[in-house]
Amino acid sequence: LDLTENLFHTLPSTISHLTNLEFLSVTGSRVQSLPDSLFSLTNLKGLFLSDNDLYETTLSSLSNLTNLEVLDLSHNRIVGDFPSEIGMLSNLKELFWYENGFVSGGLPREIGRLSNLQIMDISYNRMTIQLYDFVGNLTSLQILRIASNRAIGTIPTEIGNLRNLKVFDFSAVRDNFSTMKESNSYFTGTLPTEIGEMTSLEEVTGSCHGLRGSLPTEIGMLTRLRQLDLGDNYFTGPLPESIGMLNDLRYLRLRGLDLSGQYPSELSNINNSVCFDFVGTSLEGMPPSGLCNGSYTEIMVSCYGMDTPCACCICDGDDKCMRSQRL
């Protein structure tokens, strides 16, 4: 049943009469509240409620919809606790809950029960996100977006269990970077070496946090990676030579990291590069000339008053590598 872009304020309670209904879309219809009778439609497989005006909506009865495979509540004004009852939806494959109001209470542990979940996008919610070990139970996940929330704690080693994950976006809001640093609303600790076990990864975006230590050499095992952004963290040490194994890498943003040592010559092995950003790092010497072999390659570097160090280098260039590609 497609009721998209109508001018409802609520759904009629008689919707419960549609006992065989499997898909319901009320997207973009200015709905402000949901009748309790909606949650008696236990045959629902797809429930699409994005782009409405849902505010103080009680969602505890979601647990009744045990056949649900897709739930979309994005672009509303939902506030309050993230409902733990979602953990009862064992058939759920896609969960969209991005760009809502202030979601309190954090990510409930019950989320770890959703072993069939393939897509979870809960970004832009001003929500406290702590990735407990239960995230490692979500072994079917292909896309995980938790960007622009209030992150705390560390990234658990169990993240390495997500071997089907293609997109991992946990970046912070760059405009509020200083505010987040002052409030400790960011991930800390190191980037676990177990990330090397996530060999399906194509995009990792994790800028503007408090991650420290060395960049793990295991990054070189992510041979499908096309976009890597770990800029504006506190990583130190050398740039791993293993990064030269990422032949499909197109965007690499390490801006602002306190890296040291030489540019590894293995970077020349990356043939599909478009945009590399090393501005603000302390890497010495020149990027290997082979990096400029790509037709559209641009390398942002800090020149410190010197001449441009390579044919495709741009001195202290704009942050062009800061771009999001939804796969």
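List of remarks:
- Contour excess over end-to-end distance, with Cα ends at residue 23 and residue 1 and 0.36 nm allotted per residue: 7.3 nm
- 3J(HN,Hα) from dihedral phi, segment 260-273, Karplus parametrisation 6.51/-1.76/1.60, rounded to Hz, x for glycine, proline: 9, x, 8, 5, x, 4, 5, 4, 5, 6, 8, 9, 10, 5
- Backbone amide hydrogens, once placed in the peptide plane, bring residue 236 within less than 5 Å of 213, 214, 215, excluding anything fewer than 5 places away on its chain.
- Residues with amide H under 5 Å from that of residue 300, placed H, sequence gap 5 or more: 276, 277, 278, 314
- Subtracting the Cα-Cα distance of residue 85 and residue 66 from their residue separation scaled by 0.36 nm leaves 5.8 nm.
- Accessible area expressed per residue, the chain, with surrounding protein chains retained (probe 1.4 Å, Å²): 43 Å²
- Mean residue ellipticity, 222 nm, helices only, the chain: the sum of -39500 (n - 2.57) across DSSP H runs of n ≥ 4, divided by residue count and rounded to 500, is -500 deg cm²/dmol.
- In this rough spin-label picture, where each label sits 7 Å from Cα along the Cβ direction, the residue 126-residue 212 distance is 3.0 nm.
- Report note on the peptides 17-24, 153-160: ranked by the mean count of other C-beta atoms within 10 Å, highest first, their order is 153-160, 17-24.
- Think of it this way: in the chain, 208 stand alone, with no other Cys Cβ under 4.7 Å.
- Taken along the Cα-to-beta-carbon direction at a fixed 7 Å, the label points for residue 42 and residue 157 span 4.3 nm.
- Lysine pair count for the chain (Cα-Cα distance under 25 Å; residues 8 or more apart in sequence or on different chains): 5.
- Remark: segment 137-144, residue by residue, has Karplus-estimated 3J(HN,Hα) of 7, 8, 6, 8, 4, 10, 9, 10 Hz, where x stands for each Gly or Pro and the curve is 6.51 cos²θ - 1.76 cosθ + 1.60 at θ = phi - 60°.
- Calculated FRET value between residue 248 and residue 140, using beta carbons and R₀ = 25 Å, to 0.05: 0.60
- Among 65-76, 40-51, the order from most to least packed when residues are scored by Cβ within 10 Å on average: 65-76, 40-51
The values are calculated or read from the model by the stated rules, or taken from the named source; none is laboratory data. It should be emphasised that the depicted structure is a prediction, and the values quoted were computed from it without experimental measurement. We place every Cβ from the backbone using ideal geometry, glycine too, and count neighbours over all the protein chains shown. Ligands, DNA and RNA are excluded from the accessible area calculation, which covers all protein heavy atoms including side chains. Shrake-Rupley method; radii C 1.70, N 1.55, O 1.52, S 1.80 Å.
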